[in-house]
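The values are calculated or read from the model by the stated rules, or taken from the named source; none is laboratory data. Keep in mind the model is a prediction, meaning the values are calculated, not measured. When we count neighbours, we look across all protein chains shown, and the Cβ atoms used for this are built from the backbone with ideal geometry, even at glycine.
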């Protein structure tokens, strides 16, 4: 018994080393002890705050300018967070002013570009605040040799993944890469998702995209994410497609010694 | 197609079809607004409920919401409708059915007899004119009992699916969560893993592991790895021990096609499961998951509201005599169920409609971090479903699913429901808990054993 908290000690605490799951929490009566209860509430609060954190596009624009990159700020057709959460269809399209702005940019810069990088708040502005600059730095280092022409980085407020299709189409881009905040998990409020589309145009389904998920300090590293993205992009340029067909082949190439983990033993079944 | 007119005072409301009345009568939820089928204001919604209350039940047998020719789920509903079972309520309107369900005439026996006489659309319709307390009161009268290695759904019982998910299917990590759950008395409905990797080799390895654990510790439960039904069939063909055959299902043929299934494929899965004869008490072995919004998200809803689509999935489920059906109510996100209020109502509707149709309903009482919901909302829904007599809920470590990234009920939450509502696990599992010394339950009070069960103490000693 822990005398400060009146909670029974947990005799299987040692299992904690085997999984990040919230096991061996102990109990107060049959309920969660105070510490575990408040830990959970804090994790949920962080995830909620990430969902509702406003997109600091001015801050991001300043950072990009410092690195010598132009950017354009646009807005989806979802007017605010409440509408964004309930109307995914609106988050996938640009509003009228944004369409006009991108059209104007394309007319002033005719001929299209190889690549449009699109950054959207998605479900976690925290993720794009934290990871956009460091990821783009690694990505552009690795992509320097490819010599692709780029549009200004387009920052979309209240954007969903598919809004990159409209951006790419308006800018005449051969490829789009979308950086977007993923739905926060209880222990991952700042997870960044990358979506790649070849020949973007309005109306494409997810089958035409490739996704690289869970880019964050505790997840997939910037370098590894950039490496995988560039693999996809180079393959896409060669085969002139993206999405399901491309993905299958990419996965075959990345199959390392993939023994299913569950064929190894575990303590409940002992050493037979 | 009939059109309906309803007048309240000087206000005249018109509805194009049965489908239109049903959709507009649905209590407000984001998915119906997203689909563009919801009532445009509260007045129109209640007028639609009034119009719906006046529609004779027999009308539902003549106006299909989704055409018979176009949809195999509609064909299943119509072709298996039991006119004799329907007879006791065939003279009633939807409103009359509500009154009848609340009356003394509707008891456990008469409701069991009625189930095959009701279509999902009738069940959905009556739920739309019922308040939360009505949904609970009627559901509480009904019992849907199923058996495999344990018995589910008896009165005074609440079972749990132990859900030991792990982000990389690490066996030791899964085992750690399993032991945690068992020591908190969870897992009588099943030990059911959502695999992170969907390759046939990993699925088979997980099935072998669950079977070995259940045998080693002689646990009266059943195992399930939630993979596509065709993968389960393949595992069975390879001679892997498999208890429950899982599949996500929806209420329209097109939405099911989006899941890569149809009724024939489900039948094949069911027969493959039966061929193993692994149930000791019974052969209910299908495990289905559903959820409002799945048809709309597959763009396969035919203009039908999401709650009615969901209820049609129960017609698919009951055709295969399932062991359990789970409505994963808050998983799909706020574009379908926006907040705690909508999630709570939807969970109770699904449970009521499923039970009314004779389906062994459980509920994944859950939410995602972008929904306007929190633990208090889940406590509320858990309490209400416990009162309503739900067959099973999920049990996971600390409410935090680290693989699927959402929050559902914890091992502790199940213990809360046991204590406050006096609900025991299934009888076979209750006896196992007492035998191993994990806990006993009297007058609702849960009494944990003084020491760890010797078999588990031994397993833990291996870690030292």
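Among the residues of the range B:229-248, is any out of contact with any strand residue (DSSP E or B) (no Cβ under 8 Å at 6 or more places or on another chain) and more than 19 Å from residue B:207 (Cβ to Cβ)? No, the range B:229-248 contains no residue that is out of contact with any strand residue (DSSP E or B) (no Cβ under 8 Å at 6 or more places or on another chain) and more than 19 Å from residue B:207 (Cβ to Cβ). Just one residue in the set A:45, A:62 is closer than 30 Å to residue A:201 by Cα, more than 9 Å from chain B (Cβ to nearest Cβ) and either more than 29 Å from the chain's Cα centre (by Cα) or free of Cβ contacts under 8 Å to residues at least 12 places away in the same chain (or both); that residue is A:62. Residues that are in a helix (DSSP H, G or I) and loosely packed, with under 12 Cβ neighbours inside 10 Å within the range B:436-464 comprise B:454, B:461, listed in sequence order. Of the residues A:136, A:204, A:217, the single one that is closer than 17 Å to residue A:88 by Cβ and not in a strand (DSSP E or B) is A:204.
Per the conditions (1) modelled with pLDDT under 95; (2) more than 7 Å from every other protein chain (Cβ to nearest Cβ), the sole criterion not satisfied by residue A:11 is (2). For the range A:176-207, a tally of residues being surrounded by fewer than 22 Cβ atoms within 10 Å (Cβ to Cβ) and more than 29 Å from residue B:400 (Cβ to Cβ) returns 7.
Does residue B:186 satisfy the condition of being in contact (Cβ under 8 Å) with a residue 60 or more places away in the chain and in the same structural domain as residue B:394 (by TED's automatic domain parsing)?
Yes; evaluated as a whole, the condition is true for this residue.
The condition of being out of contact with any strand residue (DSSP E or B) (no Cβ under 8 Å at 6 or more places or on another chain) and either over 13 Å from residue B:122 (Cα atoms) or buried (at least 19 other Cβ atoms within 10 Å of the Cβ) (or both) holds for only one of B:36, B:43, that being B:36.
Looking only at the range A:166-182, how many residues end up being touching a residue at least 40 places away in the same chain (Cβ under 8 Å) and not in a strand (DSSP E or B)?
So the count comes out to 7.
Report, by residue number, each residue of the range B:184-204 that is part of a helix (DSSP H, G or I) and surrounded by fewer than 24 Cβ atoms within 10 Å (Cβ to Cβ). Once the filter is applied, which keeps residues that are part of a helix (DSSP H, G or I) and surrounded by fewer than 24 Cβ atoms within 10 Å (Cβ to Cβ), the range B:184-204 yields B:200, B:201, B:202, B:204. Per the listing A:164, A:151, A:144, the residue uniquely at pLDDT below 95 and closer than 23 Å to residue A:65 by Cα is A:144. Here residue B:282 passes the criteria (1) over 15 Å from residue B:124 (Cα atoms); (2) at pLDDT 95 or above; (3) under 19 Å from the mean Cα position of the chain (by Cα) except the one numbered (3). For the range B:205-228, a residue qualifies if it is more than 21 Å from residue B:324 (Cβ to Cβ) and either in contact with a helix residue (DSSP H, G or I) (Cβ under 7 Å, 6 or more places away or on another chain) or assigned to a helix (DSSP H, G or I) (or both), and the qualifying residues are B:205, B:208, B:209, B:212, B:215, B:216, B:217.
Across the range A:183-211, the qualifying residues are those that are more than 14 Å from chain B (Cβ to nearest Cβ) and at pLDDT below 95, and the one among them that is nearest to the chain's Cα centre (by Cα) is A:211. For the range B:365-381, the tally of residues that are surrounded by fewer than 24 Cβ atoms within 10 Å (Cβ to Cβ), touching a strand residue (DSSP E or B) at 6+ places or on another chain (Cβ under 9 Å) and not in a loop (DSSP other than H, G, I, E, B) stands at 3. In the set (1) in contact (Cβ under 8 Å) with a residue 40 or more places away in the chain; (2) surrounded by 24 or more Cβ atoms within 10 Å (Cβ to Cβ); (3) within 14 Å of chain A (Cβ to nearest Cβ), residue B:167 fails one condition alone, (2). Residues in the range A:102-132 that are under 14 Å from residue A:216 (Cβ atoms) and more than 14 Å from chain B (Cβ to nearest Cβ): A:128, A:129, A:130, A:131, A:132. Taking the range A:201-220 as the range and being touching a strand residue (DSSP E or B) at 6+ places or on another chain (Cβ under 8 Å) and free of Cβ contacts under 8 Å to residues at least 60 places away in the same chain as the test, the residues that pass are A:204, A:208, A:209, A:210, A:211, A:212, A:213, A:214, A:218, A:219, A:220.
In this structure, does residue B:456 turn out to be within 13 Å of chain A (Cβ to nearest Cβ), under 14 Å from residue B:182 (Cβ atoms) and touching a helix residue (DSSP H, G or I) at 6+ places or on another chain (Cβ under 6 Å)? Taking the combined requirement at face value, the residue does not satisfy it. Can you tell me which residue within the range A:16-42, out of those that are in a helix (DSSP H, G or I) and in contact with a helix residue (DSSP H, G or I) (Cβ under 7 Å, 6 or more places away or on another chain), is nearest to the other protein chains (Cβ to nearest Cβ)? If we take residues in the range A:16-42 being in a helix (DSSP H, G or I) and in contact with a helix residue (DSSP H, G or I) (Cβ under 7 Å, 6 or more places away or on another chain), then A:18 is nearest to the other protein chains (Cβ to nearest Cβ).
Can you name the residue in the range B:184-216 that is at pLDDT 95 or above and within 7 Å of chain A (Cβ to nearest Cβ) and is also farthest from residue B:279 (Cα to Cα) among such residues? Among residues in the range B:184-216 that are at pLDDT 95 or above and within 7 Å of chain A (Cβ to nearest Cβ), the one farthest from residue B:279 (Cα to Cα) is B:205.
Counting only helices (runs of 4 or more DSSP H) that sit completely within the range B:75-183, zero hold 3 or more residues that are touching a strand residue (DSSP E or B) at 6+ places or on another chain (Cβ under 8 Å) and outside the structural domain of residue B:390 (by TED's automatic domain parsing).
Looking at the range B:40-57, which of its residues are part of a loop (DSSP other than H, G, I, E, B) and closer than 28 Å to residue B:256 by Cβ?
Scanning the range B:40-57 gives B:55, B:57.
Going through B:181, B:150 one at a time, which residue ends up being within 13 Å of chain A (Cβ to nearest Cβ), in contact with a helix residue (DSSP H, G or I) (Cβ under 7 Å, 6 or more places away or on another chain), on the phi < 0 side of the Ramachandran plot and crowded, with 22+ Cβ neighbours inside 10 Å?
After ruling out the rest, the residue left standing is B:181.
Looking only at the range A:183-200, decide whether some residue is assigned to a loop (DSSP other than H, G, I, E, B) and under 24 Å from residue A:100 (Cβ atoms). Write out each step before concluding.
Taking the range A:183-200 and keeping what is assigned to a loop (DSSP other than H, G, I, E, B), we get A:183-184, A:186-187, A:189-191, A:199-200.
Still in the list and also under 24 Å from residue A:100 (Cβ atoms): A:199-200.
Checking the range A:183-200: at least one residue is assigned to a loop (DSSP other than H, G, I, E, B) and under 24 Å from residue A:100 (Cβ atoms).
Answer with yes or no whether residue B:352 is in contact (Cβ under 8 Å) with a residue 24 or more places away in the chain, in contact with a helix residue (DSSP H, G or I) (Cβ under 8 Å, 6 or more places away or on another chain), surrounded by 24 or more Cβ atoms within 10 Å (Cβ to Cβ) and more than 14 Å from every other protein chain (Cβ to nearest Cβ). Yes, satisfied. A search for C-beta distances below 7 Å between a residue of the range B:36-52 that is touching a residue at least 40 places away in the same chain (Cβ under 8 Å) and any residue that is in a loop (DSSP other than H, G, I, E, B) and surrounded by fewer than 20 Cβ atoms within 10 Å (Cβ to Cβ), counting only pairs 6+ apart in sequence or on different chains, returns B:37/B:303; B:38/B:28; B:49/B:129; B:52/B:129.
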